[in-house]
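Notes for the one structure printed next.
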Amino acid sequence: MQDCPDGYKCMAFAEEGEPAFTGTKCTPVVQNPGQVGDPCKVDGGWWTGVDDCDHGQACWNINHDDNTGQCVALCTGTEDAYSCPGAADICVFWVPGLAHVCLQGCDPLLQDCPDGQGCLPDWASNGQRFVCLAEYSFDQGQEFDPCEFSNTCDPGLMCWNPESAVECDQSAGGCCIAFCDINDPQCTGDGAQCTSFHGEVGEEAPPPFADVGICVIPG
């Protein structure tokens, strides 16, 4: 509803130390705010709800090293009838009732996102959709590199269970694993096979993504 006083916007926030947003509050809109697609910065951390994006927008895809990200539009409407400014945008209900953002939909096998972004699962939909997220791997994030967050692997890879590949550091929290095409399976890991991504997460694959697999050692 964006029902804050003039000069303020309604934003999701969390108490410091919480792993996800816990509420909403009115925060000030800065002078000369960023627009959708512009670089942005959060004040103090992703959880504060304070950033330099315009009214109806939020700083998203935060790089936790320097608190920078990219301005995205907040969804309007309801979960069943949402609205986003871009025709290819998907309303991602990151925390239902609190944090709803418009992100570009994509195909993980095509990696058809803008430069600097990777196509990754929308976990708010249990991986039924894929969206573009800023990629913060920098010099790391290659196949079999350790990872902590979904968007710290190079495009075409995702942060997954280290047990999925013998090449991974088994003591790491995550490991960069490749997407693959079930109809044209090509995996580089020793003993890895192209396995249905949705099968791995215990979901039925939606028709547009029935050929999406990941390279893992069969369980």
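Every read-out reported here was derived from the displayed coordinates using simple, explicitly stated rules and does not represent laboratory data. Since the model is a prediction, treat every value here as computed from it, not as a measurement. Every residue, glycine as well, gets a Cβ built from its backbone with ideal geometry; the counts of neighbours run over all protein chains shown.
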Report task. Find the centroid of the Cα atoms in region 21-96 and in region 126-188, then give the distance between the two in whole Å. Result -> 25 Å
Report summary line: Taking max minus min of the Cα coordinates of region 150-216 on each principal axis, largest first, gives extents in Å of 35, 22, 22
Report summary line: Given (1) 52, 41, 30; (2) 59, 35, 29; (3) 52, 41, 40 as possible values of Cα extents along the principal axes in Å, the one from the coordinates is (2)
Query raised in the report: Using +1 on the beta carbon of Lys and Arg, -1 on that of Asp and Glu, and nothing else charged, what's the dipole of region 8-73 about the Cα centre, debye to 20?
Result: 240 debye
**Report entry** Relative contact order (%) - criterion: Cα under 8 Å, at least six apart; region: region 137-219
**Finding:** 25 percent
Query - Interchain or long-range residues, amide H under 5 Å from N63's placed H - result: T68, G69
Query raised in the report: For the chain, what is the mean residue ellipticity at 222 nm derived from helices alone (per DSSP H run of n ≥ 4: -39500 (n - 2.57); sum divided by total residues; nearest 500 deg cm²/dmol)?
Result: -500 deg cm²/dmol
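Arranged by the count of other C-beta atoms within 10 angstrom, fewest first, what order do M1, M11 take? Write down the numbers at each step before the final one.
Details: M1 5, M11 25.
Ordered by Cβ neighbours within 10 Å, fewest first: M1, M11.
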Report summary line: Here, Q142 and E203, labelled 7 Å along Cα→Cβ, have an inter-label distance in nm of 3.1 nm
Requested in this report: Report the FRET efficiency, 1/(1 + (r/R0)^6), for V30 and A210, where r is their Cβ-Cβ distance and R0 is 45 Å, rounded to 0.05.
Outcome: 0.50
Requested in this report: Name the cysteines of the chain that stand alone by the Cβ rule: no other cysteine Cβ under 4.7 angstrom.
Outcome: C10
Report summary line: Classified through the alpha carbon gyration tensor (a ≥ b ≥ c as square roots of its eigenvalues; rounded if a/c is under 1.5, else prolate when a/b is larger than b/c, else oblate), region 1-107 comes out rounded
Query raised in the report: Quick one: if the Förster radius is 41 Å, what FRET efficiency do D115 and T22 give, using the C-beta to C-beta distance and rounding to 0.05?
Result: 0.75
Query raised in the report: Size of the dipole of the chain about the Cα centre, Lys and Arg at +1 and Asp and Glu at -1 on the beta carbon, nothing else charged, in debye to 20?
Result: 560 debye
Report task. Pop a pseudo-label 7 angstrom from the Cα along the beta-carbon direction at both F149 and S83 and give the gap in nm to one decimal. Result -> 3.1 nm
Report summary line: As a percent rounded to 5, the proportion of antiparallel DSSP bridges among beta bridges in the chain is 100 percent
Requested in this report: Could you list Y82, Y136 in order of exposure, starting from the residue whose Cβ has the fewest other Cβ atoms within 10 Å?
Outcome: Y82, Y136
